[in-house]
Amino acid sequence: MLLDLSKLFGRSKTSKDVAKERLKLVLIHDRANVSPQFLEMVKGEIIKVIQNYMEIDEGALDLQITRTKGEDGDSVVPALVANIPIRNVKNSGK
């Protein structure tokens, strides 16, 4: 009997999945005219600020630039979308 460790510890991404995700990020960055290095710099700054107030799961943090409708409803503009898992809120001043 073979033991499938990926089922035991959760599905790991295949190289195809990783390549597909990277391609999506490159396309989004190109459309927003933002380099991946710039996005990593922004991510680092956001982490620094948030860590003053909360403990977060940095490994699960997901920061992306996507496209959304502008305020006029007709134009399409870049949007920064962040999914930041919070482990604990630090002293909230109460």
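The values are calculated or read from the model by the stated rules, or taken from the named source; none is laboratory data. Keep in mind the model is a prediction, meaning the values are calculated, not measured. Glycine also receives a Cβ, built like all others from the backbone with ideal geometry; neighbour counts cover every protein chain displayed.
For segment 48-69, the candidate set comprises residues that are surrounded by 11 or more Cβ atoms within 10 Å (Cβ to Cβ) and at pLDDT 90 or above; within that set, the residue that is nearest to Ile86 (Cα to Cα) is Ile56.
Which of the residues that make up segment 70-81 are closer than 18 Å to Glu21 by Cβ and surrounded by 13 or more Cβ atoms within 10 Å (Cβ to Cβ)? The answer is Leu80, and nothing else. Taking the criterion of being loosely packed, with under 10 Cβ neighbours inside 10 Å and modelled with pLDDT of 75 or more, the residues of segment 3-43 that qualify are Ser15, Lys16, Gln37.
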